[in-house]
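The values are calculated or read from the model by the stated rules, or taken from the named source; none is laboratory data. Predicted model only: the values in this text are computed from it and were never measured. Reconstructed Cβ throughout: ideal geometry from the backbone, glycine too, with neighbour counts over all protein chains shown. Keep in mind that these areas ignore ligands, DNA and RNA; they rest on the heavy atoms of the full protein, side chains included. Shrake-Rupley method; radii C 1.70, N 1.55, O 1.52, S 1.80 Å.
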Amino acid sequence: MSILKCFLRSCTGYSHYWQVQAKQMGFYTFRSYTSTVNDDGSKEVRIEVPWGVIAGKEWGPESGKPVLAVHGWQDNAGSFDRLVPLLKSDLRILAIDLPGHGRSSPFPPVFVRQMEWDRFVYLGHSLGSILGYIYCATFPETVEKYIGIEALKPKVFPAEKLQKINRKNAETFFKIEGLKADTQPVYSYEEAERRMLKAYNGSVNEESCKVLLMRGLRETGTGYTYSRDPRVKVGRLDLGYSEESLMAYASNMTCEVLNIKAKNGLDYEPKEIYYGAVEALKKTAPRVQFEEVEGTHHLHLNTPENVASLINEFISS
């Protein structure tokens with residue numbers, strides 16, 4: 001069986017901080033893959049990697065069609081908790097906490113994650129969808145179908161602004177990295193929930209917030225702190241993608257594509273650019289389905305019934 005090389009990379013150098021955090025949070029295991037059963041019937045997964053652990057949740061039979069589900073920025077694998085039960089039961093769905101999110105260890109500068117899947121379905125929301133765009137075009141032979149929710153390609157910044165944007169992000173990043181682990185704020189559960197609801201600005205409702213906090217909080221003994229690596233709050237360093245280069249990525253997309261946009265979602269770039277990318281995919285991808293659906297940026301979590309039928313039909317056809 002071929003080895004699937006999944007690349008996820010940070011955009012600047014990390015120190016030994018991730019090692020200390022991983023040990024403090026109890027993320028080291030002695031096997032490459034371990035799982036336990038959660039209360040909701042899913043399997044809690046721990047995949048040992050050189051820098052710690054990739055955590056996640058898995059649903060469905062081992063013989064099912066493999067689906068890799070990747071959440072959005074500052075979310076976690078719980079983002080798919082309410083959607084997965086509405087999808088077909090014969091799918092083997094692995095929703096991961098990206099490094100530095102949920103229960104996964106923070107990640108080093110560059111890493112390669114290996115999964116023994118020949119081909120799989122990629123399901124991503126927001127940042128997870130953007131990562132999918134790059135991955136599916138870079139390793140098209142490994143992806144059967146690409147499902148993106150509320151995002152598509154990376155945003156393009158004006159060339160003249162890149163230096164200032166990257167410098168500001170880098171300075172903030174290193175400032176956060178210099179903080180000691182025990183300086184992270186501690187909240188009561190109610191305060192942590194209130195802060196998350198405020199930060200998401202209507203994108204998630206109270207019920208969805210509680211779902212994300214199941215993996216998004218860590219007990220400290222005196223309260224709760226957010227489990228994500230605080231450095232993920234900093235926007236990534238932009239690698240300088242041009243519109244032309246991203247359209248070239250589209251020309252290498254050979255899998256079937258379903259892209260779902262929320263009518264009250266997040267417009268991270270002008271709609272004409274977004275729609276232009278969808279049209280570019282239609283030139284080479286064997287099938288491109290674009291759907292606009294009622295809901296917010298987190299529609300798959302707030303109102304999963306609005307997207308589940310589209311996803312089920314797309315995967316089955």
Next on the checklist: Which condition from (1) modelled with pLDDT under 95; (2) crowded, with 24+ Cβ neighbours inside 10 Å; (3) touching a strand residue (DSSP E or B) at 6+ places or on another chain (Cβ under 8 Å) is the one that Tyr122 breaks?
Outcome noted: (1)
Item to check | Unique match (being closer than 19 Å to Ala69 by Cβ, part of a helix (DSSP H, G or I) and either of a type in the set (Ser, Thr, Tyr) or open to solvent by less than 50 Å² (accessible area, probe 1.4 Å) (or both)) among Leu212, Leu246 | outcome: Leu212
Item to check | Filter result for the condition that a residue is surrounded by 21 or more Cβ atoms within 10 Å (Cβ to Cβ) and among the basic types (Lys, Arg), over Arg218, Arg228 | outcome: Arg228
Checklist entry - What pairs can you find where one residue is in the stretch 168-192 and within 23 Å of Thr222 (Cα to Cα), the other is among the charged types (D, E, K, R) and at pLDDT 75 or above, and their Cβ atoms are less than 8 Å apart, with a gap of 6+ or different chains? => result Tyr187/Arg195
Next on the checklist: Suppose we filter Ala277, Ala248 for residues that are within 21 Å of the chain's Cα centre (by Cα) and of a type outside the set (D, E, K, R); which single one remains?
Outcome noted: Ala277
Item to check | Scan of the stretch 298-317 for residues that are among the β-branched types (Val, Ile, Thr) and without any contact (Cβ under 8 Å) to a residue 60 or more places away in the chain, ordered by number | outcome: Thr303
Checklist entry - Would a scan of the stretch 249-266 turn up a residue that is surrounded by 15 or more Cβ atoms within 10 Å (Cβ to Cβ) and in a helix (DSSP H, G or I)? => result yes
Checklist entry - If you check Glu292, Glu243, Glu269, which single one turns out to be at pLDDT 95 or above and out of contact with any helix residue (DSSP H, G or I) (no Cβ under 7 Å at 6 or more places or on another chain)? => result Glu292
Checklist entry - Are there any pairs, at least 6 apart or on different chains, whose C-beta atoms fall under 6 Å, with the first in the stretch 50-63 and of a type in the set (A, V, I, L, M) and the second outside any loop (DSSP other than H, G, I, E, B) and at pLDDT 85 or above, and if so, which? => result Val53/Arg46; Ile54/Ile47; Ile54/Ile96; Ala55/Arg46
Checklist entry - Can Ser89 be described as within 21 Å of Asp118 (Cβ to Cβ) and in a loop (DSSP other than H, G, I, E, B)? => result no
Checklist entry - Any idea which of (1) exposed (fewer than 14 other Cβ atoms within 10 Å of the Cβ); (2) within 27 Å of Glu144 (Cα to Cα); (3) more than 22 Å from the chain's Cα centre (by Cα) is the one Glu292 doesn't satisfy? => result (3)
Next on the checklist: Could you check the stretch 76-99 and list, in sequence order, the residues that are over 14 Å from the mean Cα position of the chain (by Cα) and of a type outside the set (Val, Ile, Thr)?
Outcome noted: Arg82, Leu83, Pro85, Leu86, Leu87, Lys88, Ser89, Asp90, Leu91, Arg92
Checklist entry - Among the residues of the stretch 42-67 satisfying the criterion of being out of contact with any Ser or Thr (no Cβ under 7 Å at 6 or more places or on another chain) and modelled with pLDDT under 85, which is most open to solvent (accessible area, probe 1.4 Å)? => result Pro50
Item to check | Test: Gly202 is open to solvent by 20 Å² or more (accessible area, probe 1.4 Å), at positive phi and in contact (Cβ under 8 Å) with a residue 60 or more places away in the chain | outcome: yes
